[in-house]
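The values are calculated or read from the model by the stated rules, or taken from the named source; none is laboratory data. In this text the structure is predicted, and so the values were computed from the model without any measurement. FYI the Cβ positions are ideal-geometry reconstructions off the backbone, even for glycines, and counts take in every protein chain you see.
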């Protein structure tokens, strides 16, 4: 009996050591940061107090959007009622459009107003970190036309072909969910907060559940067949979301332009996914006859991609720094000027 108990504890001990070794390896070589799943669900989500988000940051959960924010959370507070003579530009996007000091929408507003913080132009930054094109379309549907825009811009990041994930309470349980597909997965708050290995396992389970839905749609979206690395379900969501932006904007006589932001590295150094995502978004724009600005040539022209990166973020090739935000604003300033002159 003692031998059996001893063997049992040895096996359990080895299993614990093995799991701890895996945990350490994931943390070192393939970290799974908490915010990569749902930045604004916060570490306090497991306590069940969803209302603190609303009180503190103006963020609340939304079945349709995952979560939604006050329109001034990532921008200065503004009056939704448009003054006479004001030209209002709405910019939708994700963290690429938000993370700047100042971000390119604020830079653009300063340029359009001749350096003044206020003037005849308003550039509203309606971007929300972690949002993808589908969520941006939903936000546009909810709020866009109410603000009476004169121009619509959407910032597109190459990871927008991937699903968004958020933490919510469903039937009294903590779950991760992908709202576009209504995919749910119950999780352990303690393990999810503390274990990178657990987050890795959970993320793969979510991906598998979503891919089952995606495989059903592969034949229904023949345009996606040429892209081996892209999920056809999310290719279709991007395409249909941009079609919606185009149709509603045109139906209301509002210029609409897509801003295509590249990975900040030479094409030869990009992943196969990155190359396919870049090719796919340009193909969608041309197929749907959507006006777009490809920022790759503008960033590439300097010959130094590192010039536009946050160099303290080792593996971040998507978010550009203040220099990048200024460059984007200058390009958009010329674009807005050309559109307005074309309408005169």
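All of 171, 181 fail the test of being over 28 Å from residue 296 (Cβ atoms) and either modelled with pLDDT of 90 or more or under 18 Å from the mean Cα position of the chain (by Cα) (or both), apart from 181.
Of the residues in region 306-314, at least one is within 18 Å of residue 100 (Cβ to Cβ), in contact (Cβ under 8 Å) with a residue 40 or more places away in the chain, part of a helix (DSSP H, G or I) and touching a helix residue (DSSP H, G or I) at 6+ places or on another chain (Cβ under 9 Å). Can you find a residue that is in contact with a strand residue (DSSP E or B) (Cβ under 9 Å, 6 or more places away or on another chain) and at negative phi anywhere in region 221-240? Yes.
Can we say residue 320 is farther than 16 Å from residue 159 by Cβ, touching a strand residue (DSSP E or B) at 6+ places or on another chain (Cβ under 8 Å), at pLDDT below 95 and surrounded by 21 or more Cβ atoms within 10 Å (Cβ to Cβ)? Considered against the rule, which asks whether it is farther than 16 Å from residue 159 by Cβ, touching a strand residue (DSSP E or B) at 6+ places or on another chain (Cβ under 8 Å), at pLDDT below 95 and surrounded by 21 or more Cβ atoms within 10 Å (Cβ to Cβ), residue 320 comes out as no.
Elements of the type strands (runs of 3 or more DSSP E) sitting completely within region 180-297 and holding at least 2 residues that are touching a helix residue (DSSP H, G or I) at 6+ places or on another chain (Cβ under 9 Å) and over 26 Å from residue 92 (Cα atoms): these cover 183-186. If you go through region 22-34 and pick out every residue that is more than 14 Å from residue 191 (Cα to Cα) and loosely packed, with under 11 Cβ neighbours inside 10 Å, you end up with 3. In region 254-272, which residue that is more than 18 Å from the chain's Cα centre (by Cα) and at pLDDT 95 or above is nearest to residue 305 (Cα to Cα)? Checked region 254-272; the qualifying residue nearest to residue 305 (Cα to Cα) is 256. When 140, 134 are screened for being touching a helix residue (DSSP H, G or I) at 6+ places or on another chain (Cβ under 6 Å) and either at pLDDT 95 or above or in a helix (DSSP H, G or I) (or both), only 134 passes. Scanning region 283-315 for residues that are more than 23 Å from residue 239 (Cα to Cα) and surrounded by 14 or more Cβ atoms within 10 Å (Cβ to Cβ) turns up 298, 299, 300, 305, 307, 308, 309, 310.
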